[in-house]
Amino acid sequence: MIKNIIFDFGDIFINLDKQVVFRALQDSGIQEFLPKYHNINEDFEVGKISPQEFVERLQPDFPHLSPQAITDIWNSMLLDFPEYRLNFLENLAKENSYRLFLLSNTNALHIPHVMKIMGNESFERFKNSFEQFYLSHEIQLRKPNHEIFQFVLEQNRLDPQDTLFIDDTKENTDAAKELGINTWNLIVGKEDVVNLKERL
């Protein structure tokens, strides 16, 4: 029986355009997402580097772009947060049938931009719907590493068998499944988190 639900954020609640960075790379004559970009992104997502350092590490490959332009491209992958999803989450929280948690790979540039997109009031409504609000750059752990799931389970004394983890990235749900957590690898464009109760 599911008692706890851990939600991802991007493409579960807020819509994303994950291809926007790839398009920017191609516009700059770079045809693939090189390993160094993965490393820079991972360092940023676990808070090892600041927003300024993140931009500085990208700048040599994009000499024609200003630091602000790089920041704007990075943030442009964040689209809208539909009100119906926020209402769904708030209603789920009010029912008090499940313990709700957020677990997101994110960074110190995206969260302020999310707050700008949503507005402070809606962002607080969103955040307050969860018992705990875990952001990778704040806890210095990221998915799909087992450590981040173990951290959430141990911190909150959750039994993995009673816990459902929802994420749009199969690598992340596969990692959670290895620890005995129930998972829903949500297919973006075909499924929506508001249909959660059909999965329970």
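Amide H contacts under 5 Å for ARG199: none, restricted to partners 5 or more places along the chain or on a different chain, H placed in the peptide plane at 1.01 Å from N. Distance between the C-alpha centres of the stretch 121-200 and the stretch 61-118: 15 Å, rounded to the whole angstrom. Calculated FRET efficiency, ASP43 to ARG23, Cβ-Cβ distance, R0 = 25 Å: about 0.65 to the nearest 0.05.
Taking amide hydrogens as placed 1.01 Å from N in the peptide plane, the amide H of ARG99 sits under 5 Å from those of ASN4, ILE5, each at least 5 positions away in sequence or on another chain.
Surface composition of the chain: carbon and sulfur make up 47 percent of the accessible area, probe 1.4 Å. Taken one residue at a time, the phi angles of the stretch 161-168 give Karplus couplings (6.51, -1.76, 1.60, θ = phi - 60°) of 5, 9, 10, 10, 10, 10, 8, 8 Hz. Gly and Pro are set to x.
A 1.4 Å probe run over the protein chains yields, for the stretch 55-159, 52 Å² of accessible area per residue, whole-number rounding.
The H on the amide N of ASN182, modeled in the peptide plane, is under 5 Å from the matching H of THR163, PHE165, each at least 5 residues off or on a different chain.
Radius of gyration over Kirkwood radius for the stretch 82-200, both on Cα atoms: the Rg/Rh ratio is 0.94. Annotation: the antiparallel percentage among DSSP beta bridges lying fully within the chain is about 5.
The values are calculated or read from the model by the stated rules, or taken from the named source; none is laboratory data. This structure is a prediction, so every number in the text was calculated from the model and none was measured. For neighbour counting, all protein chains shown are included, and Cβ atoms are generated from backbone atoms with ideal geometry for every residue, glycine included. Remember, those area values only see protein heavy atoms, side chains included, never the ligands or the DNA or RNA. Shrake-Rupley method; radii C 1.70, N 1.55, O 1.52, S 1.80 Å.
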